[in-house]
Amino acid sequence: MAKGAAFAVRVTYAGTPDAEGRHTLANGGANASGEPHSATSWYPSNDHPSDKATFALTATVPDRWTAIGNGLPGPTSTE
């Protein structure tokens, strides 16, 4: 790969996040928030505000749940 060239990496995660990055709510939902330390409990990353790398996130949630996040929303499906 040439210096400065763009590249893409796909990471598939199928584990269980640790308590530092995930908070279970009384209604059965969950949230993940906080920087710099929560992202690394969900996926491999340099989770620091000074790292401006971009990424796309796909979330699968149970019926009647909604996944939200910052950034630009992508397509959704009910499959």
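The values are calculated or read from the model by the stated rules, or taken from the named source; none is laboratory data. Everything numeric in this text was worked out from a predicted model, so none of it was measured. Please note: Cβ atoms are built from the backbone with ideal geometry, for glycine as well, and neighbour counts cover all protein chains shown.
The single condition among (1) at pLDDT below 75; (2) more than 20 Å from VAL9 (Cβ to Cβ); (3) surrounded by 11 or more Cβ atoms within 10 Å (Cβ to Cβ) that GLY29 does not satisfy is (1).
Residue pairs whose Cβ atoms lie under 6 Å apart, sitting 6 or more positions apart in sequence or on different chains, and linking a residue in the stretch 54-68 that is free of Cβ contacts under 8 Å to residues at least 12 places away in the same chain to a partner that is among the β-branched types (Val, Ile, Thr), are ALA67/VAL61. Of the residues in the stretch 56-65, at least one is at pLDDT 80 or above, more than 11 Å from the chain's Cα centre (by Cα), among the charged types (D, E, K, R) and exposed (fewer than 12 other Cβ atoms within 10 Å of the Cβ).
Can you name the number of the only condition in (1) at pLDDT 70 or above; (2) under 27 Å from GLY4 (Cβ atoms) that PRO36 fails? Among (1) at pLDDT 70 or above; (2) under 27 Å from GLY4 (Cβ atoms), the lone unmet condition for PRO36 is (1).
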